[in-house]
1. Can you list the HN-Hα couplings for segment 213-228, worked out from phi with the Karplus curve (6.51, -1.76, 1.60; θ = phi - 60°), rounded to whole Hz and with x for Gly and Pro?
2. May I ask you to sort ASP27, ASP142 by Cβ crowding, counting other Cβ atoms within 10 Å and putting the fewest first?
3. Return the long-range amide H neighbours of THR47 (sequence gap of 5 or more, or a different chain), with a cut-off of under 5 Å between placed amide H atoms.
4. Could you list TYR228, TYR140 in order of exposure, starting from the residue whose Cβ has the fewest other Cβ atoms within 10 Å?
5. Would you mind ranking MET202, MET71 so that the residue whose beta carbon has the fewest other beta carbons within 10 Å leads the list?
Amino acid sequence: MLSRESIDGINLCINVHNDITGSDLSDQARRISETAHGRGLRISCITLGGFDARFGLGRPEDLPDLVSPVMDTLRSMGELEGCTLVIQPPAPHRLLSDVQTPSEVQLNSAAQMPSEVRKPSAVHTPAVGRQPSGGRRFSYGDALNGSRIILELFRSVTERFGMTLAIEAPSAGVLLSPVEVRDLVDSLFSGHIGCCVNIQAMVAAGDMSAEEILADWSELLGNRVKLYRCRATEDDRPGLYFPV
């Protein structure tokens, strides 16, 4: 275990279904960025989640409306070149007629860092979940297609700020195979787009040892892997991001 001084960056989490509508989001992000830099840290990655609610409510056409507030938020944070924008894909098998809006704003601050963690690139807290209960199923294929739409939507954002774009996989029961991840990333024809491998989810989705599964994913994905995510505690709070 290492001290807080061993952390070289933090991960800022934004739920696009809830946080992005807040008028003070850019101000919060700016203050968090200033706090981090004041402690000698950087914003090493920014995670966007909550897309399953956007698709679950049957309004994927509203997704372009997210670009402007995300741009404003990133602009308020100063220099972000070299930072990674991590996309958590929409979850399959959520039912479309009753997706609930979370009541809590999920935005992590540097002040929430634990005093002791394993050496990470960033400290991460997962987004608040939702529990839909009825309606048409959002299929695995829908989630794969939705993931590609989201990456296409935000690639210009990351290019503008000199950032890397990464899809988290496996995540939310989708992108369970490295072949799927490889094909998705390669379909976008950009060396600045890759994946963030969630190690716990990857191991849970396989039937081999953790070492064998990690070797398979790493060999197949190669330089498409931009980050590895693992957890420091049993309840996955916080999660840690390691750069490749």
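1. Values, residue by residue: 5, 4, 4, 4, 4, 5, 5, 6, 8, x, 6, 6, 6, 9, 8, 10 Hz.
2. Taking fewest neighbouring Cβ atoms as first place, the list is ASP27, ASP142.
3. It is LEU12, CYS13, ILE14, VAL86, by chain and number.
4. Final ranking by Cβ density, sparse to dense: TYR140, TYR228.
5. MET71, MET202
Read-outs throughout are calculated quantities, based only on the coordinates presented, and are distinct from any laboratory measurement. This structure is a prediction, so every number in the text was calculated from the model and none was measured. We place every Cβ from the backbone using ideal geometry, glycine too, and count neighbours over all the protein chains shown.
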